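Step one of this worksheet: look at the structure below.
What follows draws every value from the coordinates through simple rules; no lab data is involved. Worth saying up front: this structure is predicted, and the values here are computed from it rather than measured. Reconstructed Cβ throughout: ideal geometry from the backbone, glycine too, with neighbour counts over all protein chains shown.
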Amino acid sequence: MRNSILLIVGLAVLYLGISRALYGSYGPSYSFFQGEDCWIPDGNGGWAQHGHPADPAPSEPSREVSLPVQYLPILIPGLVLAAFLFTPLRRILEPAVVSKEPETADKPDDSSAPA
């Protein structure tokens, strides 16, 4: 159970880390937690309004973020999860099997007791 929780936390950290790195690389052109109302790149270095953003358009020119790059934060943790579910790494998530040996009683044998 503990390993499963650590895997989930690790996947969340991996998602957030990749998303943060892409936001640092592309700036406002990569929509990281911007919601529905935001400014998106228009493909010509400008900005297109999506919904009703409260903030004005960014002053820097936009950069086009390719579709595969946009899906990296989901794809990489998904591949890691698949590796832990469908490969021998699965043994790490399984609980350790404790074998129970039959308890031996410390009673004296009845046949050796004096009558």
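Some notes on this structure:
- Label point distance in nm, Thr87-Asp55, each placed 7 Å from Cα along Cα→Cβ: 3.8
- Percentage of interatomic Cα-Cα distances in the chain larger than 18 Å: 68
- As a rough footprinting exposure proxy, the listed residues Val9, Val69, Val98 were ranked by other beta carbons within 10 Å of their own, and the order from fewest upward is Val98, Val9, Val69.
- Degrees, to the nearest 10: 72-86 long Cα axis against longest axis of the chain: 20
- Loop-located trypsin sites (Lys or Arg not before Pro) in the range 12-108 whose Cβ has at most 15 other Cβ within 10 Å (DSSP): Arg63, Lys100
- Stretching the chain fully between Asn44 and Tyr71 yields a gain of 7.5 nm (0.36 nm per residue, less the alpha carbon separation).
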